[in-house]
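Each value in this text was obtained by applying a stated rule to the coordinates, not by laboratory testing. Just so we're clear, the structure is a prediction, and the values are computed from it rather than from any experiment. Because the Cβ atoms are built from the backbone with ideal geometry, glycine has one as well, and the counts that use them run over all protein chains shown.
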Amino acid sequence: MARRRDRSRLTTPLETERLFLRPFVEGDFDALFSYQSHPDVVRWLYWDVRSEDQVAKSLQEKLLGTEIRGEGDVLSLAVILNETGELVGDFVLHLLSEEHRTAEIGFIVHPDHQGRGYATEAGRVLLRIAFEDYGFHRVIGRTEARNTGSARVLAKLGMRREAHLVENEWVKGEWQSELAYAILEREWFAAKG
Ligand SMILES: CC(C)(COP(=O)(O)OP(=O)(O)OC[C@H]1O[C@@H](n2cnc3c(N)ncnc32)[C@H](O)[C@@H]1OP(=O)(O)O)[C@@H](O)C(=O)NCCC(=O)NCCS
């Protein structure tokens, strides 16, 4: 039985030591384009480098992703550097199943800003939203097996590697393998102490 929560607003603080997270706004096009059109960013994603039109469509979707009300909804948050106000990436939280209270996390950080712990820092906020605001039971993260940075972020977030699916998908002209990570609500609260 799904636990009922008031999903009309988030109570988790969206600010961390170095970052704050906020919903996307129309003015975010240039920042979004700069990484969605970057070959290094899309190497292990399902989609290829995006044109201006494709980024405009992606931004429209992100503008609508302000809350999760039901299955299939996506919460989409831009990651901003406190110090400069620069948009350096984004996170999504996607409710896969209302019945199983299971959501999936996804993330991108611009290559100019990678390796500084930003994905891990912002990821903790997303997990807190998932468990403490939405009351989800389980959050998963999936990545191509060669995407070492992504797998590392999922592990640093305290997620357990549960599967290594070998050549389970045909992507970008080759068989790709998938690592599946997950964390449960009780594990999140136990880790918090
Ligand atoms: C995955 C991604 C979001 C990580 O962002 P980030 O801000 O650099 O992440 P963090 O700094 O929090 O952590 C990255 C970790 O991966 C490690 N890492 C990154 N690239 C690596 C590589 N090629 N080999 C080994 N380790 C690597 C870093 O050393 C760091 O671990 P550490 O703290 O133990 O040193 C970023 O690389 C990205 O946007 N990639 C392209 C989009 C993508 O693949 N998203 C994930 C889809 S599943």
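Could you state the principal axis extents of the C-alpha atoms in the chain, from the largest down, to the nearest angstrom?
That gives 43, 40, 30 Å along the principal axes, largest extent first.
Compute the relative contact order of the chain as a whole-number percentage, counting only Cα pairs closer than 8 Å that sit 6 or more residues apart in sequence.
Details: 342 pairs, mean separation 36.2, N = 193.
Normalised by residue count, the contact order of the chain is 19 percent.
Mean Kyte-Doolittle of at least -1.0 and a Cα length of 15 Å or more along the axis: which whole DSSP H helices of the chain meet both? Provide the component values of the computation, followed by the final result.
Numbers: long enough: 52-64 (18 Å, -0.67); 118-128 (16 Å, 0.05).
Membrane-span-like by this criterion, though nothing is claimed about a membrane: 52-64, 118-128.
Within straight cross-link reach of K62, meaning Cα distance under 29 Å, which lysines are found once same-chain residues fewer than 8 apart are removed?
Of all the lysines, those that pass the test against K62 - Cα under 29 Å, at least 8 places apart if same chain - are K156, K172.
Is segment 88-183 rounded, prolate or oblate when judged by the Cα gyration tensor, a ≥ b ≥ c being the square roots of its eigenvalues, rounded requiring a/c under 1.5 and prolate requiring a/b larger than b/c?
Values: a/c = 1.89, a/b = 1.15, b/c = 1.65.
It is oblate, given that a/c is not under 1.5 and a/b is not larger than b/c.
Would you look at the GNM of the chain, springs on alpha carbons closer than 10 Å, and say which of E15, E61, E174 moves the most?
With Cα springs under 10 Å in the chain, the top fluctuation among E15, E61, E174 is at E174.
Label-point separation (nm) for E17 and E167, each offset 7 Å from Cα along Cα-to-Cβ?
The answer from the label model is 4.4 nm.
In percent, what relative contact order does segment 28-83 have, based on Cα pairs under 8 Å that are 6 or more apart in sequence?
24 percent
Can you tell me how much longer the chain between T66 and H38 gets when fully stretched, taken as 0.36 nm per residue apart minus their C-alpha distance, in nm with one decimal?
Additional length available on full extension: 7.6 nm.
Please state, as a whole number in µm²/s, the translational diffusion coefficient that the Stokes-Einstein equation yields for segment 55-129 at 10 °C and 1.306 mPa s, with Rh defined as the Kirkwood radius across alpha carbon pairs.
Reported coefficient: 121 µm²/s.
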